[in-house]
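The values are calculated or read from the model by the stated rules, or taken from the named source; none is laboratory data. Since the structure is predicted, the reported quantities are computational estimates derived from the model, not experimental observations. All Cβ positions, glycine included, derive from the backbone under ideal geometry; neighbour counts span all protein chains shown.
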Amino acid sequence: MQTQIAKRWGEDAVGEVLRSSQETWMLRRSWKGFLGMTVPERVAVTAEIMRAHHGGPKQDGALGITEDEHRFSIRMDPCGSGGRMRRGDPVDGTPSRLGAPYSFGVTQQPHDWSWGRTDVPYYCTHCAMNEILPMEWGGHPLWVTDFEPDASKPCHWHFYKTADAIPEAYYTRVGRTKPAAGEGRY
């Protein structure tokens, strides 16, 4: 659908559709619920949601969770949506959706909703919007995605233990400025 939107109305329309769909129900609901949770609770809930996407090489929901001093990370190899779409599906024996016969599109221009990058599959851009909207609503993302351009490598979602620990680079790549220490809702 996003490929067709880009072909018919241009890439800016993809960003508009992402925003209009995610800000009114999907992410708004998650954002409100996550604000009342601790960071470990957010990680646990998100891991279960991502397991339901049937990630992992066998589509069994496999993922890994690690913790360091500043954050928790969910490792998806591949994630059950964009990652599997990019790699193809060995369980079903289908190729990457980026090639024939599917020919899903990728960004031709850098946008805030593509982390300032080109060649990001339109489908994967919803993860950038998952960062942008919470920044607009409360100053900080609830989690950030380490999008990996190499589809053979895993993607990671990072949940920082404090908003102040989120590196500035995660804000600037989506055209935002990190709030001063202690500002915003997290």
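Observations
- Filtered by the rule that a residue be in a loop (DSSP other than H, G, I, E, B) and either at positive phi or in contact with a helix residue (DSSP H, G or I) (Cβ under 6 Å, 6 or more places away or on another chain) (or both), the range 115-153 gives TRP115, GLY116, ASP119, VAL120, HIS140, PRO141, LEU142, ALA151.
- Residue, surrounded by the most Cβ atoms within 10 Å (Cβ to Cβ), within the range 43-68, restricted to residues that are farther than 12 Å from TRP157 by Cβ and of a type in the set (Gly, Ala, Ser): GLY56
- Looking only at the range 1-54, residues that are touching a Leu at 6+ places or on another chain (Cβ under 6 Å) and among the small types (Gly, Ala, Ser) come to 0 in all.
- When the residues of the range 116-165 are filtered to those that are of a type in the set (A, V, I, L, M) and in contact with a Pro (Cβ under 7 Å, 6 or more places away or on another chain), the one that is farthest from ARG71 (Cα to Cα) is MET135.
- Residue selected from the range 133-150 under the condition out of contact with any strand residue (DSSP E or B) (no Cβ under 9 Å at 6 or more places or on another chain) and surrounded by fewer than 18 Cβ atoms within 10 Å (Cβ to Cβ), by the criterion farthest from TRP25 (Cα to Cα): ASP150
- ILE49 vs. criteria among the aliphatic types (A, V, I, L, M), modelled with pLDDT of 90 or more and in contact with a His (Cβ under 8 Å, 6 or more places away or on another chain): no
- The range 96-115 - residue that is in contact with a Ser or Thr (Cβ under 7 Å, 6 or more places away or on another chain) and hydrophobic (A, V, I, L, M, F, W, C) and, of those, surrounded by the fewest Cβ atoms within 10 Å (Cβ to Cβ): PHE104
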